[in-house]
Amino acid sequence: MKIQSFFKLLRINHYIKNFFIFMPLFFSGEMINAYLFLNTFLAFLAFSFAASAVYIFNDFLDLKDDLIHPRKRFRPIASGEIDKKNAILIMLVLASFGVFISTNIIFHALIVIIIYFIINIAYSVYLKNVVILDVNVIAFGFVLRIWLGAIVTDVNLSIWIVILTYLLALFLALAKRRDDVLIFLNSGLKMRKVIDAYNIKFINITMIILAAVIVMTYILFTLSNEVQLRIQNEHLYLTVLFVLLGLIKYLQLAFFDENTASPVSIILNDRFIQLMVFLWVLSYSFILYL
């Protein structure tokens, strides 16, 4: 088994989604607290191992569909790079690591990991075939990430952060579902049973609505008296520009370039979105910490 195939099986590049676990620590202004940072990093590792185990489980269930998918057919199990027995062993080891690490941080972290396992198994087996609920389950997975980050740092999680995380994750899930619809329209291949209940017009309208709601919610967040009093600064609204431009660029990629197959791939490869994320983190950090 090649190392490259092993990392592809784990979907290491998808670990970028797990940085949401650091959000409670970042927004609380405690990123420089070494003890809390270590706890968050351990939670990041635990969740990443658990997520990889779920990815492998999902690859087994979707093997038949992946074999005919234009991109997913190159995944290690579908392509035959890693045999099923080794994949199962790796999945069990990763799940065990995730449980073991979370158990040694705090008991409630283990509960979050277990909930994540249960929800994703239910998603892989059935919920991914239920229209609307399928993308909402994906969005809830991101909420679990920030809950985990709040639990291991004992940070009071702002309702604003929960809402924004959920809305952004829902937006990205719909963008990914849009790609499945395009594949069906262009090739006739139905990657998911639920595709019959979606069409481009519905997804486009919903994405536009969500983008507008995300921007408005973020503006209200930056202007909130509660937030301004907590950080002792009234200039947080300046960071709205980067959120707005990032979302507009993502809509352009979806509607013009028709390139939303993988949000992770876009974030890792699109220079404009990378710049907006960097500038947002830089400006927010400057206001919050300096």
*From (1) free of Cβ contacts under 8 Å to residues at least 60 places away in the same chain; (2) surrounded by fewer than 15 Cβ atoms within 10 Å (Cβ to Cβ), pick out the condition that doesn't hold for R177.*
(2)
_Tally up the residues in the stretch 16-49 that are under 28 Å from L89 (Cα atoms), open to solvent by less than 30 Å² (accessible area, probe 1.4 Å) and either within 14 Å of the chain's Cα centre (by Cα) or among the β-branched types (V, I, T) (or both), please._
6
*Determine which member of the set N199, N186, N225, N204 is over 26 Å from P70 (Cα atoms) and out of contact with any His (no Cβ under 7 Å at 6 or more places or on another chain).*
N225
*Does the stretch 130-168 hold any residues that are part of a helix (DSSP H, G or I), touching a residue at least 60 places away in the same chain (Cβ under 8 Å) and among the small types (G, A, S), and which are they?*
G149, A150
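Residue-by-condition table, conditions (1) polar (S, T, N, Q); (2) within 30 Å of A34 (Cβ to Cβ):
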{"site": "T103", "(1), (2)": "yes, yes"}
{"site": "V112", "(1), (2)": "no, yes"}
{"site": "I132", "(1), (2)": "no, no"}
{"site": "I146", "(1), (2)": "no, yes"}
{"site": "V155", "(1), (2)": "no, yes"}
{"site": "L174", "(1), (2)": "no, no"}
{"site": "F202", "(1), (2)": "no, no"}
{"site": "M207", "(1), (2)": "no, no"}
{"site": "L210", "(1), (2)": "no, no"}
*Give the residue that is modelled with the highest pLDDT, with candidates limited to residues of the stretch 148-161 that are in contact with a helix residue (DSSP H, G or I) (Cβ under 6 Å, 6 or more places away or on another chain) and surrounded by fewer than 20 Cβ atoms within 10 Å (Cβ to Cβ).*
W160
*What pairs come up if the first residue lies in the stretch 256-278 and is touching a residue at least 12 places away in the same chain (Cβ under 8 Å) and in a helix (DSSP H, G or I), the second is of a type in the set (A, V, I, L, M) and surrounded by fewer than 17 Cβ atoms within 10 Å (Cβ to Cβ), and their beta carbons are under 6 Å apart, counting only those six or more places apart or on different chains?*
V264/I16; M276/L245
*In the stretch 62-106, what residues are in contact (Cβ under 8 Å) with a residue 40 or more places away in the chain, among the charged types (D, E, K, R) and farther than 23 Å from K193 by Cβ?*
E81
*Considering only residues of the stretch 265-286 that are of a type outside the set (F, W, Y) and crowded, with 16+ Cβ neighbours inside 10 Å, which is nearest to F221 (Cα to Cα)?*
S283
*What number goes with the only condition from (1) open to solvent by 70 Å² or more (accessible area, probe 1.4 Å); (2) over 23 Å from L290 (Cβ atoms); (3) touching a residue at least 12 places away in the same chain (Cβ under 8 Å) that K190 does not pass?*
(3)
_Flag if A122 is more than 24 Å from I266 (Cα to Cα), surrounded by fewer than 18 Cβ atoms within 10 Å (Cβ to Cβ) and small (G, A, S)_ = yes
*Residues being in a helix (DSSP H, G or I) and either open to solvent by 40 Å² or more (accessible area, probe 1.4 Å) or at positive phi (or both): count how many of those fall in the stretch 207-241.*
15
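So is A53 of a type in the set (G, A, S), in contact with a Ser or Thr (Cβ under 9 Å, 6 or more places away or on another chain) and within 20 Å of I121 (Cα to Cα) or not? First the steps, then the outcome.
Details: of a type in the set (G, A, S): yes; in contact with a Ser or Thr (Cβ under 9 Å, 6 or more places away or on another chain): yes; within 20 Å of I121 (Cα to Cα): yes.
Judged against the criteria, A53 is a match.
Could you say whether any residue in the stretch 51-70 is closer than 13 Å to T153 by Cβ and either more than 20 Å from the chain's Cα centre (by Cα) or surrounded by 15 or more Cβ atoms within 10 Å (Cβ to Cβ) (or both)?
Applying the first criterion (closer than 13 Å to T153 by Cβ) to the stretch 51-70 yields none.
Checked against the condition, which is being closer than 13 Å to T153 by Cβ and either more than 20 Å from the chain's Cα centre (by Cα) or surrounded by 15 or more Cβ atoms within 10 Å (Cβ to Cβ) (or both), the stretch 51-70 yields no hits at all.
The values are calculated or read from the model by the stated rules, or taken from the named source; none is laboratory data. Because the structure is predicted, anything quoted here is derived from the model rather than measured. Glycine gets a Cβ as well: all are built from the backbone with ideal geometry, and neighbour counts include every protein chain shown. To get the accessible areas, we keep the full protein, side chains included, count just its heavy atoms, and leave off ligands, DNA and RNA. Shrake-Rupley method; radii C 1.70, N 1.55, O 1.52, S 1.80 Å.
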